[in-house]
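The values are calculated or read from the model by the stated rules, or taken from the named source; none is laboratory data. Source: prediction; values computed, not measured. Note: ideal-geometry Cβ built from the backbone for every residue, glycine included; neighbour counts use all protein chains shown.
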Amino acid sequence: MNHGPKKFKITILIISALICYTFIYISVRHSITKHRIQSLQSLNGQTITLNELHKKIPKGLSELNKNKEIAFFTEFMNINIPENSILYHVNGKGIPNYYGVIIYDTVKNNVKKIYLRELK
């Protein structure tokens, strides 16, 4: 018996299903990541406590407290840090991956500025 056409149809069906799954997965991951980036950017200028900031960004947020790290990020991101500010590094994984810096004013308890870059 010749099962050639039946195997070919099953192979095409499996390949089509994998392509659809990949497309849907990438689309959903891209949407989720874009929403996270927009949520981060919406924090610009907001008055927020440090605890609330850590709750809104539970993963990928770390304080830069070593002079070498701070100097690297200020030069790399081309930013100036105002006095009485804390610098946080944000690192997010998704499609696309993103990273950036949050400048938090400790006197006014607000987010001064958020600088983000997407790795495409």
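Taking the conditions (1) exposed (fewer than 14 other Cβ atoms within 10 Å of the Cβ); (2) in contact with a strand residue (DSSP E or B) (Cβ under 7 Å, 6 or more places away or on another chain); (3) modelled with pLDDT of 85 or more in turn, residue 99 satisfies each one other than (1).
Residues in region 55-77 that are at pLDDT 85 or above and more than 21 Å from residue 107 (Cα to Cα): 68, 69, 71, 72, 75. The residues of region 29-58 that are in contact (Cβ under 8 Å) with a residue 12 or more places away in the chain, assigned to a loop (DSSP other than H, G, I, E, B) and under 16 Å from residue 116 (Cα atoms), listed by number, are 43, 44, 45, 57. Could you pull out the residue among 69, 63 that is surrounded by 10 or more Cβ atoms within 10 Å (Cβ to Cβ), on the phi < 0 side of the Ramachandran plot, over 14 Å from the mean Cα position of the chain (by Cα) and not in a helix (DSSP H, G or I)? Among 69, 63, only 63 is surrounded by 10 or more Cβ atoms within 10 Å (Cβ to Cβ), on the phi < 0 side of the Ramachandran plot, over 14 Å from the mean Cα position of the chain (by Cα) and not in a helix (DSSP H, G or I). Within region 96-114, one or more residues are touching a residue at least 40 places away in the same chain (Cβ under 8 Å), in a loop (DSSP other than H, G, I, E, B) and within 19 Å of the chain's Cα centre (by Cα).
Residue 89 meets all of the listed conditions (1) assigned to a helix (DSSP H, G or I); (2) at pLDDT 85 or above; (3) under 27 Å from residue 30 (Cβ atoms) but one, namely (1). Of the residues contained in region 16-28, one or more are found to be within 22 Å of residue 119 (Cα to Cα) and in contact (Cβ under 8 Å) with a residue 12 or more places away in the chain.
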